[in-house]
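The next block holds one structure in the form of structure tokens; read it before the comments.
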Amino acid sequence: MTAKGAISKSHPARARAQTAMAKTEYVIEPGKQEITITRSFDAPRELVFKAFTDPKLVAQWFGPRQYSTTVDKMDVRPGGLWRFVQRDENGNEFAFHGVHHDVVAPERIVATFEFEGVPGHVLLQTVTFEPLGEKTTLVEHLVYQSVADRDGMVASGMQEGSDESMDRLAEILAELLKVRPAR
């Protein structure tokens, strides 16, 4: 199954807002324990990479809008730990953590990803930043421990959360480009 930028039918206003933005594409094939997510951004790859590795920027785009995100740890080097905590309006917390295995600026980040609410279900995430002139194509390849883990993540609503994160990232990049000095 290939899905392109799923738009929630229960949120028509959000659906209208998303149609003006680039779409996030998903490759989710039955029986495979992986997902590939692709999104193009109107920003150079160095800036997109920075948005993935600067804790102040990550806190502004990671996760759905209804949550605030705090970067608890972010050591962007092989062996470095990361941990993000999301909070809803009622104070409920949802935390994620992992270990960076490979970091090649501004080309690639390889890290583990685990939702602390369901421990023991670790995935390996490889994010590549492909330059296209002053644009960047971001490709996330997620490999789960099993098809059941992958299917559980899909059923949890991860695609909607990912769409929102990617939209928020595009907004942050646009703001950064406005204040960026001309070359």
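Residues checked against (1) over 13 Å from the mean Cα position of the chain (by Cα); (2) assigned to a loop (DSSP other than H, G, I, E, B):
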residue	(1), (2)
VAL58	no, no
LYS73	yes, no
VAL76	yes, yes
ALA111	no, no
PHE129	no, no
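Would you please name the residue that is surrounded by the fewest Cβ atoms within 10 Å (Cβ to Cβ), looking only at residues in region 89-106 that are without any contact (Cβ under 8 Å) to a residue 24 or more places away in the chain and either of a type in the set (S, T, N, Q) or touching a strand residue (DSSP E or B) at 6+ places or on another chain (Cβ under 8 Å) (or both)? Of everything passing the filter in region 89-106, ASN90 is surrounded by the fewest Cβ atoms within 10 Å (Cβ to Cβ). Just one of the listed residues (THR128, THR69, THR112) is farther than 29 Å from LYS178 by Cα, among the hydroxyl-bearing types (Ser, Thr, Tyr) and free of Cβ contacts under 8 Å to residues at least 40 places away in the same chain, namely THR112.
So that you can scan it fast, the table gives a plain yes or no per residue for (1) within 22 Å of VAL85 (Cα to Cα); (2) touching a helix residue (DSSP H, G or I) at 6+ places or on another chain (Cβ under 6 Å):
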site: VAL99; (1), (2): yes, no
site: VAL118; (1), (2): yes, no
site: LEU123; (1), (2): yes, no
site: GLY133; (1), (2): no, no
site: TYR144; (1), (2): yes, yes
site: SER156; (1), (2): yes, no
site: GLN159; (1), (2): yes, no
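Scanning region 26-74 for residues that are within 30 Å of VAL147 (Cβ to Cβ) and of a type in the set (Ser, Thr, Tyr) yields a total of 6.
Within the set GLN86, GLN33, the sole residue that is crowded, with 18+ Cβ neighbours inside 10 Å, farther than 30 Å from GLY133 by Cβ and either touching a Gly at 6+ places or on another chain (Cβ under 6 Å) or at pLDDT 95 or above (or both) turns out to be GLN86.
Here are the criteria: (1) farther than 20 Å from THR69 by Cβ; (2) surrounded by fewer than 17 Cβ atoms within 10 Å (Cβ to Cβ). Tell me which single one GLU175 does not satisfy. Condition not satisfied by GLU175: (1).
The values are calculated or read from the model by the stated rules, or taken from the named source; none is laboratory data. On a predicted model such as this, the values are computed, not experimentally measured, just so you know. A quick note on method: Cβ atoms are made from the backbone with ideal geometry, for glycine too, and the neighbour counts reach across all protein chains shown.
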